[in-house]
Amino acid sequence: MMIHGVSHRGFKRDSNEDRYLCRKLNDGSLLMAVADGMGGQAGGEVAAQIAIDVIAEFDPALEPVEEQLESLIREADYRIRRRAEENTALEGMGTTLTIALVKAGVAYWAHLGDSRLYLFRGRRLAAVTGDHTIPGFLLAEGKISREDARVHPMRSGLLDCVGCGSLDKDSGAFNISEGDLLVLTTDGLHDYVSEDTIRSILDSGKSLEDRFRELVNAALDAGGYDNITVAGAQF
């Protein structure tokens with residue numbers, strides 16, 4: 001198994017509000033997450049870091065996995081809102097959160113916002129998660145194409161996030177096969193790099209580190225308008 005993560009501030013932002021986690025746990029399972037924070041006065045950085053810190057508290061000895069992930073998301077939401085109440089300069093902060101926990105050959109995932117989990121299998125790229133945005137909703141309804149959703153003028157408007165209170169998350173699980181590649185991204189990548197390009201880079205046969213670096217460089221070549229984060233593992 002190969003594991004790697006990389007994050008870049010981009011060219012247009014003063015700070016990096018993305019955070020990620022890639023950690024092999026003591027029972028051999030793998031915990032990964034990406035968070036893309038939002039909010040003024042460094043609120044985005046604070047919210048994303050809180051979310052990642054909470055997810056890092058995952059205990060592989062506790063079952064069932066799905067309930068623990070849901071509990072951790074609720075805890076992250078609570079801590080973010082509590083911090084904002086304690087410091088009014090952070091009011092309104094929140095974060096996307098996409099989690100993948102691979103244990104005993106099964107990938108469990110949970111998701112809020114417009115970060116993504118992709119599965120690259122057999123030279124095919126599939127988005128496991130759907131964006132909690134207006135174009136994401138229209139795509140799920142079959143009213144627009146994936147490329148239309150990628151360039152939609154309202155693609156940055158979130159319908160839900162951690163810290164926003166409603167916590168209408170998506171979650172699921174699927175079996176992992178040998179050779180599978182799980183990739184978690186923030187919108188600084190997939191909003192500016194087409195899925196055809198992402199698939200082509202992942203299919204290059206290079207090391208995981210080189211492929212992820214090429215993905216980040218592709219987003220930078222497209223302008224580097226947002227923070228860019230890619231994390232994942234190949235099995």
Practice task
Could you check, for segment 186-205, whether at least one of its residues is surrounded by 21 or more Cβ atoms within 10 Å (Cβ to Cβ) and polar (S, T, N, Q)?
Solution key: yes
Practice task
Determine which single condition Phe120 fails, assuming it passes every other condition in (1) farther than 17 Å from Ile99 by Cα; (2) buried (at least 20 other Cβ atoms within 10 Å of the Cβ); (3) among the aromatic types (Phe, Trp, Tyr).
Solution key: (1)
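Within segment 177-195, is there a residue that is β-branched (Val, Ile, Thr) and in contact with a Phe, Trp or Tyr (Cβ under 6 Å, 6 or more places away or on another chain)?
Initial filter on segment 177-195 (β-branched (Val, Ile, Thr)): 183, 185-186, 193.
Subsequent filtering for residues that are in contact with a Phe, Trp or Tyr (Cβ under 6 Å, 6 or more places away or on another chain) retains 183.
Yes: one or more hits.
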Practice task
Of the conditions (1) in a helix (DSSP H, G or I); (2) crowded, with 17+ Cβ neighbours inside 10 Å, Asp53 clears all except one; give me its number.
Solution key: (2)
Problem - Residue list for segment 44-66, filter: farther than 18 Å from Met32 by Cβ, modelled with pLDDT of 95 or more and not aliphatic (A, V, I, L, M) - result: Gly44, Glu45, Pro64
Practice task
Search segment 12-43 for residues being assigned to a loop (DSSP other than H, G, I, E, B) and within 22 Å of Arg82 (Cα to Cα), and hand back the single one that is modelled with the lowest pLDDT.
Solution key: Gly40
Practice task
Could you tell me whether segment 169-177 includes any residue that is of a type outside the set (A, V, I, L, M, F, W, C) and assigned to a loop (DSSP other than H, G, I, E, B)?
Solution key: yes
Handout entry: Pairs, first crowded, with 16+ Cβ neighbours inside 10 Å in segment 207-227, second among the hydroxyl-bearing types (Ser, Thr, Tyr) and part of a helix (DSSP H, G or I), C-beta under 7 Å, six or more apart
Key = Ala218/Thr197
Fill in the blank from the handout: Within segment 123-155, the residues that are surrounded by fewer than 14 Cβ atoms within 10 Å (Cβ to Cβ) and either part of a loop (DSSP other than H, G, I, E, B) or touching a Pro at 6+ places or on another chain (Cβ under 9 Å) (or both) are Arg123, Glu141, Gly142, Lys143, Ser145, Asp148, Val151, Pro153, Met154
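Could you tell me how many of the residues in segment 102-128 are touching a helix residue (DSSP H, G or I) at 6+ places or on another chain (Cβ under 9 Å) and under 25 Å from Ile201 (Cβ atoms)? Talk me through it step by step, then tell me what you get.
As a first pass, look at segment 102-128 and keep what is touching a helix residue (DSSP H, G or I) at 6+ places or on another chain (Cβ under 9 Å): 103, 106, 108-110, 112-116, 118, 120, 123-125, 127.
Pick out the ones that are also under 25 Å from Ile201 (Cβ atoms) and you get 109, 113-116, 118, 120, 123-125, 127.
Total meeting the criteria: 11.
Being touching a residue at least 24 places away in the same chain (Cβ under 8 Å) and surrounded by fewer than 22 Cβ atoms within 10 Å (Cβ to Cβ) is the filter; apply it to segment 73-89 and report the residue that is farthest from Ser171 (Cα to Cα). I'd like the intermediate steps shown before the answer.
First pass over segment 73-89, keeping only residues touching a residue at least 24 places away in the same chain (Cβ under 8 Å): 73-74, 76-77, 79-81, 83-84, 89.
Imposing the further condition that a residue be surrounded by fewer than 22 Cβ atoms within 10 Å (Cβ to Cβ) reduces the set to 74, 79, 81, 83-84, 89.
Working: Arg74: 14, Arg79: 21, Arg81: 22, Arg83: 26, Ala84: 27, Ala89: 32 Å.
Across segment 73-89, the extreme among qualifying residues is Ala89.
Of all residues in segment 1-11, which are outside any strand (DSSP E or B) and within 21 Å of Asp221 (Cβ to Cβ)?
Step one: list which residues in segment 1-11 are outside any strand (DSSP E or B), which gives 1, 9-11.
If the condition is that a residue be outside any strand (DSSP E or B) and within 21 Å of Asp221 (Cβ to Cβ), then Arg9, Gly10, Phe11 are the ones that fit.
The values are calculated or read from the model by the stated rules, or taken from the named source; none is laboratory data. Remember, predicted model here, so these are calculated numbers, not experimental data. Glycine also receives a Cβ, built like all others from the backbone with ideal geometry; neighbour counts cover every protein chain displayed.
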